[in-house]
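Some notes on the structure that comes next.
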Amino acid sequence: MAVKRTPLTQEQFDRLQLVGGWTIDEIPREHWDKIPGLQRLQDTFAVMSSGCVIAPGVLNGINAVAGLDVLVQEPRPMAKEPPGNAYHYVVQRTSDTRFPFIMHGPFKSETLVEHWFDAPQLDRYWSQDNGPSEPDYNMGVS
């Protein structure tokens with residue numbers, strides 16, 4: 001997938017559910033389709049976000065106010081390929097009042113899990129202090 005730049009309105013940015021301080025939280029499923037530029041939503045089981053507008057950080061070489069990891073269950077994994085794919089998006093503040101943010105992505109690096117991941121790696125998202133509640137995923141594990 002090629003990295004794209006997608007302008008975001010303030011309302012679209014607000015759907016990222018940032019809790020501040022770069023604490024990771026889960027974006028509710030009902031918000032996913034209202035954030036333009038996210039790919040593979042049909043296979044997505046979680047979208048995780050973190051960020052801080054007042055304390056930006058550098059993600060994927062971009063001065064970012066937020067980052068998102070889109071977690072996807074691969075419907076047809078290749079032989080010996082794990083069942084999960086993670087895609088990283090980075091949000092940058094702009095000076096445009098109509099679109100005060102630009103989302104860059106997807107990237108295959110700087111996700112909390114590896115780009116190709118197994119279900120146990122997902123604990124990295126849900127083991128943080130004040131992290132989101134346990135997900136409702138089943139990555140082929142009983």
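Derivation of every value follows stated rules applied to the coordinates shown; laboratory data play no part. Not measured: the values here are computed from a predicted model. With ideal geometry, Cβ positions are generated from the backbone for all residues, glycine too; neighbour counts draw on all protein chains shown.
Can you work out the FRET efficiency for the pair THR94 and THR23, with r the C-beta to C-beta distance and R0 = 25 Å, to the nearest 0.05?
0.55
Would you work out the charge dipole size for the chain about its Cα centre, treating the Cβ of every Lys and Arg as +1 and the Cβ of every Asp and Glu as -1, and quote it to the nearest 20 debye?
Value, rounded to 20: 580 debye.
At 0.36 nm per residue, minus the direct Cα-Cα distance, what do ALA79 and ASN63 gain on full extension? Give it in nm, one decimal, please.
Here the answer is 2.0 nm.
Using the alpha-carbon centroid of each, what span in Å lies between the stretch 106-129 and the stretch 21-46?
Cα centroid to Cα centroid, the span is 14 Å.
Show log10 I(q)/I(0) for the stretch 1-63 at q = 0.13, 0.15, 0.18, 0.30 Å⁻¹, two decimals, from a solvent-free Debye sum over equal Cα scatterers.
Taken in order of the listed q values, log10 I(q)/I(0) reads -0.38, -0.51, -0.75, -1.42.
Can you pull out the trypsin sites (Lys or Arg not before Pro) in the stretch 20-91 that DSSP calls coil and that have at most 16 other Cβ atoms within 10 Å?
Taking the stretch 20-91 and a limit of 16 other Cβ atoms within 10 Å, the loop trypsin sites (Lys or Arg not before Pro) found are LYS34, ARG40, LYS80.
SER127 to LEU41: extension gain in nm, 0.36 nm per residue of separation minus the Cα-Cα distance?
Gain in length upon complete extension: 28.5 nm.
Using a simple spin-label model with points 7 Å from Cα along the Cα→Cβ vector, what separation in nm is obtained for ASP14 and SER109?
3.6
How many Å³ per residue does the convex hull of the Cα positions in the chain occupy?
109
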